[in-house]
2 protein chains.
Amino acid sequence: MGVIRIAQAQINSVVGDFEGNSLKIKDMIDQARSLGADLVTFPELALCGYPPEDLLLKRGFLEDNNFFLQALKPACENITAIIGFADSDGGEVFNAAALISDSKLVAVYHKIELPNYGVFDEKRYFNSDCECVLFEIDGIRISLTICEDIWIKGSLTRTCAVENGAQVVVNISASPFHAGKMAVRKDIIADFASTTKSIMFFNNLVGGQDELVFDGGSLAMDPSGSVLSAAKRFEEDLLLTELELPEGRSTAAWNTEGPIPKLRKNPHKPHAPFLNRIEPELTRIQEIHDALVLGTRDYVTKNGFRKVVIGLSGGIDSALTAALAVEALGADHVIGVTMPSQYTSSETLSDAELVAANLGIRLITVHLGEIFAAYLNSLKDAFGEGKLGVEAENLQARIRGNILMALSNRCGWLVLTTGNKSETAVGYCTLYGDMAGGFAVIKDVPKTVVYQLSEYVNTKAGQAVIPETTIQRAPSADLRPDQKDEDSLPPYSVLDPLIEAYVEEDQSPDMITGADPKIIWDVVKMVDVNEYKRRQAPPGVKITPKAFGRDRRLPITNRYLNSRKRSSS
Amino acid sequence: MGVIRIAQAQINSVVGDFEGNSLKIKDMIDQARSLGADLVTFPELALCGYPPEDLLLKRGFLEDNNFFLQALKPACENITAIIGFADSDGGEVFNAAALISDSKLVAVYHKIELPNYGVFDEKRYFNSDCECVLFEIDGIRISLTICEDIWIKGSLTRTCAVENGAQVVVNISASPFHAGKMAVRKDIIADFASTTKSIMFFNNLVGGQDELVFDGGSLAMDPSGSVLSAAKRFEEDLLLTELELPEGRSTAAWNTEGPIPKLRKNPHKPHAPFLNRIEPELTRIQEIHDALVLGTRDYVTKNGFRKVVIGLSGGIDSALTAALAVEALGADHVIGVTMPSQYTSSETLSDAELVAANLGIRLITVHLGEIFAAYLNSLKDAFGEGKLGVEAENLQARIRGNILMALSNRCGWLVLTTGNKSETAVGYCTLYGDMAGGFAVIKDVPKTVVYQLSEYVNTKAGQAVIPETTIQRAPSADLRPDQKDEDSLPPYSVLDPLIEAYVEEDQSPDMITGADPKIIWDVVKMVDVNEYKRRQAPPGVKITPKAFGRDRRLPITNRYLNSRKRSSS
């Protein structure tokens, strides 16, 4: 029987921060060694961060990957490590995993399956390879894979594991979050474990990177689909798993370069008894909440900001955004600004004040009235005759945007915007107004989920941080007297499923059900014609299977639905 | 000897406009037939427009491609046509060319080489195929290729042409413009013609689509590299070429599905004598100018706008933008707005008025003073003690942005922004201020080229449309007293080559020469930290080998250069 301890280092790399990431990797190697681990694994591209995008087109960036990888070798004394990095060889670039054992680089595995859909552009950067890498520790045979390699049914990696008699398959990943993704992953991992009869080690990245959040949740799973150990979600973690297995059958090496190397065990084994750890699973709303908090914290801090500023309207979106920001950064790092206009009711104003008080954040008040009057007066001649319409509404929204940006410029605070996915989808938002800011926390959260998250925040806090009056009041942009969202839009309970069908599932409007066809076509039209607004929106955390941004790439100049509607009518 | 006439229809498709594109295709087929053409070709994806991006993920869009293609068959009576469309078969999608002859669909060719770099994402959408399509007319053997197929040295398409004894190779393309691209294309075409000993027919798309301009320039070239005929650039065209060739050797078909079909000639041959036409070549500045005009016209009109509004500062960027807009849309469709502040000199103000007068466009004046004062008064408490800095400059820029957007909202005019590539690169521009608008005409034009274009515009007009005082005056944002761009930036003659090296050529800062290393690192740092601004910028015409936008995909959260600089210092 062989016995090995495998440590999965679920780290939060920063894209391009070779020094910082190297320090983190060294520290985890040291911890793993002292815990008696024989093998320590790191996520996909852990060394350079994921996704590095067009940094991969810079020669210096590729050279630095190799330089910092070589520099990590001495840190691997008495232990074996698997470290994700970008390997380059002549003109070819690979998404790679280095196998370093006892301070020597033993092998480099190149990812075979490259995802090029959704948020992924790996065929833009990487070459695909077709050679397996396996090794043995204490007679136990281990095969290497990277992320997508286990997601493709007919992949060579599956055959590799089977033909080479792998007992353990390590999969290092940078698998981005969306709600429900963990269950999808478990199915994929279980399928690979069962068809290859191996124990799977899925080592995921954790942390926020622009639009993406990597949610961790690294785990080990046996061929029957049982979870042997599971790491935390949305936090760095070092997950230790001990395996006792019969020694592998000594099959000949198949599709590998040379014989399968036999690597040394960690000679220092602590004698403390050891139990594999399984962290509890999260509910859907918990994981969405945690993703928003981590995504916001990492965007703000990784970009060098210390404080954020948020326009508090008295509505539920800004209240939720502020509550999430306080969880991400602490109350001292969040500033609220209330900007009442003549259309702001006393209830919404006092709700804004209440939210700030509940969260313990500083509240600044700036009145719109004088500025709005100055615009109207200065524009009098240019506007000419005729009643004011949407231009007056947008003007107020843009004055608010300018005030927040002026505070941002003066004080160095990052502006967080507060728009949700429902508004962003149908363009019920003002470019350079409420869309002005550096990060859009709930950009991918449908309004119906905004309510669920607000209830969750209140339950978690044990008090109505977000006032019940805010949750109960009919949504309104408060830009003209008695304005309500439902004057312009279907109720959110109708709208959100339509957006899911059209945006996330790419259903054809004439196949979508759940509302009057006229409403469906109106919504679809609104989604299409507002592509130009979204193109100028700040990034925000992806929490659904398809978010606006890199995930969904529609042309602005696009006559498709017009053409289709004409020809079908 | 065989004699054929080939018509290349260089059309301007609109993405998603199946009805409109079909009408255009039918019309060109009719024209080609009446001119005695035996074969008429259309650009890559001519039926659905290029690039359709994620529309290709919609099942309905793929079905409509097939539906509208079938509907075109009857239009091909007595003629052979090659029409680009998106073909789908089960779960697979192909970038395809339909071969229709005498109203029958004879074959469908699937693109073999899929570009997935720069502005291209074809591996996101298309499957690659590996089968050749050839046909004969009057004993002349013709092979089909699509765009990238002829750009790859070792491509199967080259072997196909040679092994099958192709005498003519048709290449339907959607090859986007950058300055100097035509020469690159000619080299590629000449190389393919020479190695395959065939006559090449390169049929390019024309027109603007968001960031891209397709510049036409379709041509026929013989194996010696001589151009037999060449179409207009930046305009729709129907290019007719007559060939007289010995009948092909009847080699067996290689790597094709079945025997090579022999197609009927057009029975109606006009008796008029015929000479191949070669349109003159354009200079570098001419082609950049024409690209900007076409890109602007198509963005505005394809998106349903009739008029545009431009802030005229009295500087050269806004003057050039206005001049280009007038060429694109006509003076009646362009409105200038001058928005003087307390820092606006009387010279710049009178230059703005002069530009408007020279171009014959309406000029609106809106003063900033009262609005700016109202902001400062309303923000007094929030700002607290301390001198005003960049927040006051940005505030003025944002007031101007708001005024333009208010006019846009009230009057339905599209705002054109006026920032150039040099400013956009180093972030010398204000988000939601001068960056606010729907289309950024000169976004990819370096400042040094702005000067060249302005001289060209004046020479072309035979008068100083853009005043000499504007061209001579030192560039300034006019946001504080005596402000000059060179207070914050190196001279543009130094800056522009640095931007070219770092942004377009991805050179490492420590390899770049031409300035003091400190200046180089400062510029590189400015480019990097302003990625967040560019992410929220409107689209604009790509005229360089690498434009900001889909062409250059850098993370916002990116510590690369900081890390690199630390470790090298």
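The values are calculated or read from the model by the stated rules, or taken from the named source; none is laboratory data. Just so it is clear, the structure is predicted and the values come from calculations on it, not from any experiment. FYI the Cβ positions are ideal-geometry reconstructions off the backbone, even for glycines, and counts take in every protein chain you see. For the accessible areas, the whole protein counts, side chains as well, though only heavy atoms, and no ligand, DNA or RNA atoms are used. Shrake-Rupley method; radii C 1.70, N 1.55, O 1.52, S 1.80 Å.
With only alpha-carbon atoms in the gyration tensor, what are the semi-axes of the equivalent ellipsoid for the range B:89-186, in Å, largest first?
Semi-axis lengths for the range B:89-186 are 23, 18, 13 Å.
In deg cm²/dmol and to the nearest 500, what is the mean residue ellipticity at 222 nm of chain A if only DSSP H runs of at least 4 residues count, each as -39500 (n - 2.57), divided by the residue total?
About -11000 deg cm²/dmol.
Over the range A:413-477, what number does the Rg to Rh ratio reach, with both radii from the alpha-carbon atoms and Rh per Kirkwood?
The Rg/Rh ratio comes out at 1.00.
Report the percentage of all Cα-Cα pairs in the range B:130-232 whose separation exceeds 17 Å, rounded to a whole percent.
In whole percent, the long-distance tail amounts to 49.
Within 10 Å of each Cβ in peptide A:50-62, how many partner chain Cβ atoms are there on average? Round it to a whole number, please.
Other-chain Cβ atoms within 10 Å of each residue's Cβ, averaged: 5.
In whole Å, what is the distance between the alpha-carbon centres of the range B:148-209 and the range A:98-154?
Cα centroid of the range B:148-209 versus Cα centroid of the range A:98-154: 37 Å apart.
Mind scanning A:Lys447/A:Lys533; A:Lys380/A:Lys484; A:Lys153/B:Lys123; A:Lys153/B:Lys58 and naming the pairs with a C-alpha gap bigger than 21 Å?
In this structure, A:Lys380/A:Lys484; A:Lys153/B:Lys58 exceed 21 Å between Cα atoms.
For B:495-507, what's the mean count of beta carbons from other chains sitting within 10 Å of each residue's beta carbon?
1
Given the C-alpha atoms of the range B:429-520, compute the convex hull and give its volume per residue in Å³.
143 Å³
Summarise the accessible area of chain A (1.4 Å probe, protein heavy atoms) by the percent that is carbon and sulfur.
Heavy-atom surface of chain A belonging to carbon and sulfur, 1.4 Å probe: 53 percent.
Among DSSP beta bridges lying fully in chain B, give the percent that are antiparallel, nearest 5.
Taking every DSSP beta bridge with both residues in chain B, the antiparallel ones total about 55 percent.
At q = 0.11, 0.12, 0.15 Å⁻¹, what log₁₀ I(q)/I(0) does the range B:380-459 have when each alpha carbon counts as one equal point scatterer in the Debye sum?
-0.40, -0.47, -0.67
How much space per residue, in cubic angstrom, does the convex hull of the C-alpha atoms of the range B:233-337 take up?
Each residue corresponds to 253 Å³ of Cα convex hull volume.
Would you mind computing Rg(Cα) / (2.2 N^0.38 Å) for the protein assembly as shown, counting N as its residues?
0.97
Taking the mean number of other Cβ atoms within 10 Å as a proxy for protection, how do you rank A:439-448, A:108-117, A:469-478, A:31-40 from highest to lowest?
In decreasing order of mean packing, A:439-448, A:108-117, A:469-478, A:31-40 become A:439-448, A:31-40, A:108-117, A:469-478.
Taking the Cα atoms of the range A:259-401, report the difference between the largest and smallest coordinate on each principal axis, in whole Å and largest first.
On the principal axes, the range A:259-401 reaches 85, 42, 28 Å in Cα extent.
Explain nothing, just the number: dipole magnitude of the protein assembly as shown about its Cα centre with +1 on each Lys and Arg Cβ and -1 on each Asp and Glu Cβ, in debye rounded to the nearest 20.
Here the protein assembly as shown has a charge dipole of around 20 debye.
So for the range B:174-214, considering every pair of alpha-carbon atoms, how many percent are separated by more than 17 Å?
38 percent
Cβ under 13 Å from B:Gly330's Cβ, B:Gly330 left aside: what net charge do those residues give with Lys, Arg +1 and Asp, Glu -1?
Net of charged neighbours comes to +2.
Relative contact order for chain A using alpha-carbon pairs under 8 Å, separation at least 6, rounded to a whole percent?
12 percent
Provide the descending list of Cα extents for the range A:315-387 along its principal axes, expressed in whole angstroms.
Ordered largest first, the range A:315-387 gives principal extents of 49, 23, 18 Å.
Between B:Lys387 and the same site in the other copies, what are the distances in nm, shortest first, taking label points 7 Å from Cα along the C-beta direction?
For B:Lys387, the other copies' label points sit at 5.0 nm, shortest first.
Where q = 0.24 Å⁻¹, what log10 of I(q)/I(0) comes from the Debye formula for the range B:1-58, counting one point per Cα?
Results for the range B:1-58 at q = 0.24 Å⁻¹ read -0.90.
Using a 1.4 Å probe on protein heavy atoms only, how many Å² of accessible area do A and B hide from each other, summed over both chains and rounded to 100?
Between A and B, the summed buried area is about 7800 Å².
Under unit Cβ charges (Lys, Arg +1; Asp, Glu -1), what dipole magnitude, rounded to 20 debye, does the range B:366-470 have relative to its Cα centre?
260 debye
Can you give the convex hull volume of the alpha carbon atoms of the range A:214-266 per residue, in Å³?
Considering the Cα atoms of the range A:214-266, their hull volume per residue is 173 Å³.
Test of understanding: express the Cα radius of gyration of the range B:160-299 as a ratio to 2.2 N^0.38 Å, with N the residue count.
That ratio works out to 1.19.
Report, for B:Arg362, each distance to the same residue's label point in the other copies, shortest first and in nm; define the point 7 Å along Cα→Cβ.
Going from nearest to farthest copy, the values are 4.6 nm.
Taking Rh as the Kirkwood radius, which is the inverse of the mean 1/r over Cα pairs, what is the Rg/Rh value for the range A:98-148?
1.07
Which values of log₁₀ I(q)/I(0), to two decimal places, follow from the Debye formula for the range A:1-151 at q = 0.09, 0.15 Å⁻¹ with a uniform point scatterer at every Cα?
The Cα Debye sum returns log10 ratios of -0.26, -0.74.
Across peptide B:119-125, how many C-beta atoms of other chains are within 10 Å of each residue C-beta, on average?
Mean shielding count: 4.
Considering the range A:276-338, what Rg and Dmax in Å follow from its alpha-carbon atoms?
Expressed in Å, the Cα Rg and Dmax of the range A:276-338 come to 13.7, 50.
For chain A, what percent of Cα pairs sit more than 46 Å apart?
Roughly 23 percent, once rounded to a whole number.
Any idea what the A:Glu131 label distances to the other copies are, label 7 Å down the Cα→Cβ vector, nm, shortest first?
3.5
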